[in-house]
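Working notes, beginning with the structure itself.
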Amino acid sequence: MKKTHSLEILFEDDWIMVVVKPSGMLSVGYPGSSAKTAQDILSDMKKSKGKIQIAVVHRLDRDTSGVMMFAKTADAKKRIMDGWQEIVTERTYRAVCARSRGAKPLPDSGTIDAPLAYNRYDVAFVPREGDRAALKDAEKAVTHFRVVERGAFFDLVECELETGRKNQIRVHMAHLGHPVVGDDVYGKESDSSSSGKGGASAESSPIGRLALHARVLAFTHPFTGDHQRFESPEPAEFSKLVIRKPKAGPSSAAKGSKGPDSAPWVLAAKASGSRAAKGELAATDVKVPRRQRGKKPTVIAENYATARVREKKERDIEDITDLKPLPKKSRTKQAPGKSRFIPGK
């Protein structure tokens, strides 16, 4: 196992290379891009060893890290791509998912069977049931998932691909109301209400990246017939993000937190303890902002009590027997509709 330019090489023979691509690196270039890609790095490394053409046989998004395979000859590329469905036996990813406002908790496991179509900007969406034009061009997409670990704000979810469409996991999880943390395309309109972060986009990602990692790639070697399985654990930040607990108390206020617990009336009620819950908060007990002056203490206490009840309800485990995908507007005004979602399959 060796590393070159942040690429970790797991396996190499005369026909293929298996590497771990870091987040932020393109798998392959596109017109107008000058960024160094995984394909470029491997090609440069092999220049001194003759005419070896490193070819891409599948891709990972720029911000997705993990295991991927490259072909070293034209014959290997053709054989792998022509027989991809038969050769590849396992593709497993790990993702940290947020919960959109109004979404029910994910079941322990399930199957998302929802076709994907792509708009003119190449952004994927789940077509509405009656949208014949989109359904006509849609491709079958099936994702199996299970929840590995649940947290106060986020869940660690393992996804196994039955089909391999572009952005499949990101679209499917967002379709259920549980977008991947750091997804600034499919998670942009989502709101992780329990975290107070205001969405799952990259700007609000606590780890500064898309929380998606290709953990396992298993296949039958196209030339030797040997079964090969390669695994690269997801970054430690994923688990840390899931198990972290909410910060409470005056420390968050001192740091200028903008979360729900930093509202003036919440801080005022907390400062006076149990008397606030009884509606006995005196205006002289705390320093009240100018815009709050003149309001009755009972109003402050009532707002605080209401907020605590709402927070408790949001954190309670909800009934998941009728879990359904959340409706969402597509980028081409084609709202996603019904899909076959089978909890526990």
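The values are calculated or read from the model by the stated rules, or taken from the named source; none is laboratory data. Please read these numbers as outputs of a predicted model, since none were measured by experiment. Here the Cβ is made from the backbone with ideal geometry for all residues, glycine too, and neighbour counts use every protein chain on show. When the accessible area is computed, the model is the full protein with side chains, heavy atoms only, and any ligands, DNA or RNA have been set aside. Shrake-Rupley method; radii C 1.70, N 1.55, O 1.52, S 1.80 Å.
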When the residues of the stretch 171-209 are filtered to those that are surrounded by fewer than 24 Cβ atoms within 10 Å (Cβ to Cβ) and assigned to a helix (DSSP H, G or I), which remaining residue is modelled with the lowest pLDDT? Ala202
Residue hits (the stretch 67-88; open to solvent by 10 Å² or more (accessible area, probe 1.4 Å) and touching a Pro at 6+ places or on another chain (Cβ under 8 Å)) are Arg79, Gly83, Ile87
Restricting the search to the stretch 50-68, which residues are farther than 16 Å from His213 by Cβ and within 32 Å of the chain's Cα centre (by Cα)? Ile54, Ala55, Val56, Val57
Out of curiosity, is Arg99 touching an Asp or Glu at 6+ places or on another chain (Cβ under 8 Å) and open to solvent by 10 Å² or more (accessible area, probe 1.4 Å)? yes
Hey, could you check the stretch 126-147 for residues that are in a strand (DSSP E or B) and open to solvent by 60 Å² or more (accessible area, probe 1.4 Å) and say which is nearest to Ser239 (Cα to Cα)? Arg146
Going through the stretch 148-163 in order, the residues found to be among the hydrophobic types (A, V, I, L, M, F, W, C) and open to solvent by 20 Å² or more (accessible area, probe 1.4 Å) are Val148, Ala152, Phe153, Leu161
Test Lys166 against the stated conditions and say whether it is assigned to a loop (DSSP other than H, G, I, E, B) and buried (at least 18 other Cβ atoms within 10 Å of the Cβ). no
Qualifying residues in the stretch 30-49 (those that are without any contact (Cβ under 8 Å) to a residue 24 or more places away in the chain and surrounded by 14 or more Cβ atoms within 10 Å (Cβ to Cβ)) - the one nearest to the chain's Cα centre (by Cα): Thr37
